[in-house]
1. Arrange the following residues from fewest to most other Cβ atoms within 10 Å of their Cβ: LYS27, LYS104, LYS155.
2. From the C-alpha gyration tensor of the chain, pull out the three semi-axes of the equivalent ellipsoid (sqrt of 5λ each), sorted largest to smallest, in whole Å.
3. Going by how many other beta carbons lie within 10 Å of each one, how would you line up MET18, MET38, fewest first?
4. For the pair ASN70 and TRP159, how long in nm is the line joining their label points, each one 7 Å along Cα→Cβ?
5. Among the listed pairs LYS115/LYS194; LYS113/LYS155; LYS155/LYS217; LYS155/LYS194; LYS27/LYS201; LYS104/LYS194, which have their C-alpha atoms separated by more than 23 angstrom in this model?
6. Length gain on complete extension for the stretch ALA138 to ARG46, per 0.36 nm per residue less the alpha carbon to alpha carbon distance?
7. At 222 nm, what value in deg cm²/dmol follows for the chain if DSSP H runs of at least 4 each add -39500 (n - 2.57) and the sum is divided by all its residues, to the nearest 500?
8. Using 7 Å Cα-to-Cβ label points, what is the TRP207/VAL151 separation (nm, one decimal)?
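No lab work stands behind these numbers, since they all come straight from the coordinates. Treat the numbers as computed from the prediction; the structure is a model and nothing was measured. All Cβ positions, even for glycine, are placed from backbone atoms using ideal geometry, and neighbour counts span all protein chains on display.
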Amino acid sequence: MEQWVIPPTENAEFVAAMEEVLDLYQKPLDTDVPVVNMDEQPVTLRDDIREPCPLKPGQIKRVDNEYRRNGTAQLFIFTEALTGWRGVSVRERRTAVDWAQEVKVLLDEVYPKAKRVILVCDNLNTHKVSSLYKAFPAAEARRLCARLEIVYTPKHGSWLNIAEIELSVLTRQCLGRRIPDIETLRRETQAWEKRRNGEAKQVDWQWTTDDARIRLKRLYPQF
């Protein structure tokens, strides 16, 4: 994830991208054109070298400071704030092809009846429609592109991405311990996804364009 950075002085490029995202968040639910946020994060796989101490009543789990690194995995998270849905996928890598395959699942399996899906994401170099052409034949890539609209958060403004909120919750609730391998990571994140979706907790986004024009006035060009 990018750092939460706000430009120190006026920045028309940042403002334009920010207002596009904020206006999008104020739109009501439209099942024909859902608004979905996505983000991704690497996870380091770690295994115990020594067996943890047996648990005793009133004690927390005690583990040795040393651990074995088992490589990394990549988390992809998608969330629709207005319905409280989120989906988590685990892959070995985060290539353009991996992202394109995740988008295909989103369009064809999660939202097969939607006319178009608006996908809010950051400016990572794999988050491009060209990635679809790297992953699929031209006709298939074009078919997917026709139902996909990408809206980018500002550069260094990924804090405007609602998916970061869900990713933060996932990290706190599920990843704050050693996970030894990718299959364990898949099981744990799928269990978290099922529980979180069962709660159907929505994100109540309060920050609006009007708020930004007042509180971030320094970012706007002055006339």
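1. Ascending Cβ contact count within 10 Å gives the list LYS27, LYS155, LYS104.
2. Details: eigenvalues 220, 108, 62 Å².
Values for the chain, descending: 33, 23, 18 Å.
3. Lowest count first: MET18, MET38.
4. In this crude spin-label approximation the distance works out to 3.6 nm.
5. LYS115/LYS194; LYS113/LYS155; LYS155/LYS194
6. Details: separation 92, 0.36 × 92 = 33.12 nm, distance 3.98 nm.
Residue separation times 0.36 nm, minus the Cα-Cα distance, leaves 29.1 nm.
7. -10500 deg cm²/dmol
8. Between TRP207 and VAL151, the simple spin-label model gives 1.5 nm.
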